[in-house]
Amino acid sequence: MLYAIFGVQTFLQRDLELRNLSLFNRRKGFSYLFQKSLLFPFSISFFLSQGFIYLFLLSSRKSSSPAAIMSSSSPKMITLQSSDGETFEVEEAVAMESRTIKHMIEDDCANSSIPIPNVTSNTLTKVIEYCKKHVEAKSDEEGLKSFDAEFMKIDKDTLYDLLMASNYLDIKSLLDLGCQTVADKIKGKNPEEIRKEFGIKNDFTPEEEEEIRKESPWVFD
Amino acid sequence: MEENLVQDASDTPLQQEEGMPHEALFLVLSYLPLYELLVMAQVCRSVKEVLTNDILPWLNMVVGKPLNKRFNDVHLLKITSKADGRLKTLALLNCSKITDEGLHQVIARNPYITRLWLPACTSLSTSGVIEAVKLLTKNKHKLKSLRINGIYNLKKEDLEILHCLIDDENHPWQKKGLNFYHEYKEFSTFKHSNPPIDVEICPKCKEARVVFDCPRDSCKSMRQQQKLECRGCQHCIPRCEECGICIKDEDPVEAACVDALCLGCWLQLPKCSFCNKPYCSQHADQKCSLVGSSGFVCIDCHARFIEN
């Protein structure tokens with residue numbers, strides 16, 4: 001019985017060593033002494049407790065707790081695949097800026113590359129650039145502000161694609177930034193100017209237009 | 001209009017139909033203030049349909065210029081009814097016709113408001129505001145942001161009552177950023193590091209006012225050495241409209257819009273061709289263009305010299 005437990009012990013220890021956890025080594029020294037004086041009921045309870053500890057460490061490793069990360073040497077990389085097949089490798093922290101990807105990682109669907117079907121590689125490059133900067137310079141508020149201002153100096157089509165991508169990937173700060181930029185373009189314009197700015201066709205008849213204005217006379221004088 | 005159509009036929013990207021607004025524009029609708037929303041309703045049928053049937057654009061209600069002067073309780077109730085009780089933000093900027101009853105009615109129908117901004121709504125009383133906050137914070141609902149700068153007769157005791165109602169003992173708010181004068185004026189619904197209540201007790205005059213920090217380098221170093229000298233309301237410490245630094249007695253310079261500017265900003269801004277006074281960026285739309293030159297004329301000089 002004792003030798004069986006010892007055998008299981010070494011198996012568990014080797015398994016976890018492979019996963020690079022130093023926590024178990026301390027356990028090993030303690031349990032070796034304990035084994036010398038084990039009686040049958042103690043051995044069973046001890047085996048069970050080891051099992052629970054093993055499961056606990058596995059689950060904490062899965063959810064990437066700080067203790068687990070501290071002992072791994074390099075940051076975990078996530079692979080993203082755009083709609084046109086190009087792959088991008090990013091650090092996990094950068095990918096987690098997107099709540100959609102964050103949920104996928106937490107639900108453990110992120111072992112191979114994550115496909116992002118409605119985002120092209122150009123747009124995905126821009127998104128990753130934004131997320132990287134916001135992760136790296138998190139505390140530098142002024143630097144981020146100037147980065148954001150520069151980042152928004154893009155043509156309309158890229159801006160639309162960025163908005164759709166940040167909506168799909170659920171990156172709130174990028175969505176807010178992009179929408180605010182477009183909102184600023186809309187402010188202070190009348191309907192005709194807005195149509196011109198965004199290339200929209202007027203599909204109202206003049207009577208319908210008049211009716212809309214009459215609906216809220218306090219707005220349009 | 002017709003030329004646009006001909007061009008669109010060849011240049012339109014695959015997703016966007018000719019002359020139709022891009023899908024991304026519908027995402028932007030939730031970020032527009034009320035006036036812009038009503039203007040967008042006139043742009044095309046698809047936008048009007050979304051605004052009539054969808055509830056999302058109506059959940060963040062921001063009423064500012066040019067509607068604020070005419071916006072009364074009846075309009076408020078009508079517009080907020082579109083949110084179907086799920087209104088999240090109510091921002092009435094300088095809406096002097098809104099009364100306590102109107103505000104309470106809206107809050108009674110929309111108990112999940114998390115941001116209540118009422119700057120300069122001068123028909124509201126302090127007891128009305130306190131009642132409104134009480135209505136919102138009963139049943140453990142959390143009001144995240146309250147702006148009341150400009151409400152008349154705000155006293156220290158009222159502020160204390162409001163703090164009791166709003167502050168969360170479990171998650172005490174940590175001051176993340178500094179409050180700068182030139183940034184406070186920019187209305188941005190989505191700045192996240194705002195304090196829960198914008199009004200504090202000014203360390204200099206002890207009144208309930210909005211207190212600003214100073215971005216001037218010498219004041220920054222004083223702050224780091226824990227000497228909080230340059231922190232006060234705008235009545236105690238005059239500040240530059242453009243950059244927010246404290247204006248010391250040596251260089252008060254006036255702009256054409258009667259705002260105060262520091263010497264550095266005064267030198268950089270373009271000036272009126274007649275009286276040599278600049279406009280601050282906020283009032284830059286008041287410039288009158290001068291025929292035959294690239295400069296501009298301020299409104300006063302325009303009235304005095306050109307219209308005669």
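Here, each number is a calculation from the coordinates, and none is a lab measurement. Values in this document were obtained by computation on a predicted structure and should not be read as measured data. In this analysis, Cβ positions are derived from the backbone assuming ideal geometry, glycine residues included, and neighbour counts consider all displayed protein chains.
Using the Karplus curve 6.51 cos²θ - 1.76 cosθ + 1.60 with θ = phi - 60°, work out ³J(HN,Hα) for each residue of the range A:170-177 in order, rounded to whole Hz, and write x for Gly and Pro.
Ordered by residue, 3J(HN,Hα) equals 6, 10, 4, 5, 5, 5, 4, 4 Hz.
Choose one answer from B:Cys233, B:Cys272, B:Cys202: the residue with the largest mean-square fluctuation in a GNM of chain B with alpha-carbon springs under 10 Å.
Looking only at B:Cys233, B:Cys272, B:Cys202, the largest GNM fluctuation is found for B:Cys272.
If you build a Gaussian network model of chain B, linking Cα atoms that sit under 10 Å apart, which residue out of B:Gly150, B:Gly232, B:Gly19 swings the most?
Of B:Gly150, B:Gly232, B:Gly19, the most mobile in the Gaussian network model is B:Gly19.
Starting from the amide H of B:Phe296, placed 1.01 Å from N in the peptide plane, find each other amide H under 5 Å away whose residue is 5 or more places distant or on another chain.
Amide H neighbours of B:Phe296: B:Ser273.
At a threshold of 8 angstrom on Cα-Cα distance, excluding pairs fewer than six apart, so keeping six or more, what relative contact order does chain B reach in percent? If you can, show how the numbers build up before the last one.
Numbers: 469 pairs, mean separation 25.0, N = 308.
It comes to 8 percent, rounded to a whole number.
In chain B, with Lys and Arg counted as +1 and Asp and Glu as -1 at Cβ, which of these residues, B:Trp117, B:Val43, B:His104, has the Cα nearest the positive end of the dipole, that is, farthest along it?
B:His104
Relative contact order for the range B:63-169: what percent, with Cα pairs under 8 Å and sequence separation of 6 or more? Don't skip to the end; give the middle numbers.
Working: 178 pairs, mean separation 26.4, N = 107.
Value for the range B:63-169: 25 percent.
Take B:Glu229, B:Glu36, B:Glu254, A:Glu97 and order them by how many other Cβ atoms sit within 10 Å, fewest up front.
Listing B:Glu229, B:Glu36, B:Glu254, A:Glu97 from fewest to most nearby Cβ atoms yields B:Glu254, B:Glu229, B:Glu36, A:Glu97.
Return the whole-Å distance between the Cα centroid of the range B:106-120 and the Cα centroid of the range A:185-221.
Between the Cα centre of the range B:106-120 and that of the range A:185-221, the gap is 29 Å.
Kirkwood Rh over Cα pairs of the range A:92-221 into Stokes-Einstein at 25 °C, 0.890 mPa s: D in µm²/s? Present the calculation step by step, with values, prior to reporting the outcome.
Working: Rh = 17.4 Å.
For the chosen part, D equals 141 µm²/s.
Taking the Cβ of each residue in B:Ser125, B:Ser294 as the centre, tally the other Cβ atoms inside 10 Å and list the residues starting with the fewest. Intermediate values should be presented prior to the final figure.
Numbers: B:Ser125 14, B:Ser294 8.
Fewest to most other Cβ atoms nearby, the residues stand as B:Ser294, B:Ser125.
Counting only DSSP beta bridges with both residues in chain B, tell me the antiparallel percent, nearest 5.
Working: 10 of 23 bridges.
Beta bridges within chain B, antiparallel portion: roughly 45 percent.
Using a Gaussian network model of chain B with C-alpha springs under 10 Å, which one of B:Phe296, B:Phe71, B:Phe180 is most mobile by mean-square fluctuation?
B:Phe296
Run down the lysines and flag those whose C-alpha is under 17 Å from the C-alpha of A:Lys132, throwing out any fewer than 8 positions away in its chain.
A:Lys76, A:Lys102, A:Lys145, A:Lys172
Going by how many other beta carbons lie within 10 Å of each one, how would you line up B:Thr99, A:Thr120, A:Thr205, fewest first?
Numbers: B:Thr99 17, A:Thr120 14, A:Thr205 9.
By the 10 Å Cβ count, ascending: A:Thr205, A:Thr120, B:Thr99.
So if I place +1 on the C-beta of Lys and Arg and -1 on the C-beta of Asp and Glu, and nothing else carries charge, what would the dipole magnitude of the range B:63-160 be about its Cα centre? I want it in debye, nearest 20. List each step's numbers first, then the result.
Details: 18 positive and 8 negative charges, 96 e Å.
About 460 debye.
Give me the percent relative contact order of the range A:111-188, please, defined on Cα pairs under 8 angstrom at least 6 residues apart. Write out the running numbers ahead of the final one.
Details: 33 pairs, mean separation 24.1, N = 78.
It rounds to 31 percent for the range A:111-188.
With +1 assigned to the C-beta of every Lys and Arg and -1 to the C-beta of every Asp and Glu, and no other charges, what is the dipole magnitude of the range A:75-221 about the Cα centre in debye, to the nearest 20? Could you put the intermediate results ahead of the total?
On the way: 19 positive and 33 negative charges, 51 e Å.
Computed about the Cα centre, the dipole is about 240 debye.
In Å, what is the Rg of the alpha-carbon atoms in the range B:59-140, and how long is Dmax?
11.4, 36
Exceeding 26 Å between C-alpha atoms, which entries from my cross-link table qualify? They are B:Lys97/B:Lys206; B:Lys248/B:Lys277; B:Lys65/B:Lys134; B:Lys48/B:Lys140; A:Lys153/B:Lys142; A:Lys138/A:Lys185.
Details: B:Lys97/B:Lys206 29 Å; B:Lys248/B:Lys277 20 Å; B:Lys65/B:Lys134 28 Å; B:Lys48/B:Lys140 37 Å; A:Lys153/B:Lys142 37 Å; A:Lys138/A:Lys185 28 Å.
Over 26 Å Cα-Cα: B:Lys97/B:Lys206; B:Lys65/B:Lys134; B:Lys48/B:Lys140; A:Lys153/B:Lys142; A:Lys138/A:Lys185.
So if I take the centroid of the Cα atoms in the range B:21-75 and the same for the range B:272-308, what is the distance between those two points in Å?
34
With +1 on the Cβ of every Lys and Arg and -1 on the Cβ of every Asp and Glu, and nothing else charged, how large is the dipole of chain B about its Cα centre, in debye rounded to the nearest 20?
Numbers: 38 positive and 39 negative charges, 240 e Å.
Taking the Cα centre of chain B as origin, the dipole is about 1160 debye.
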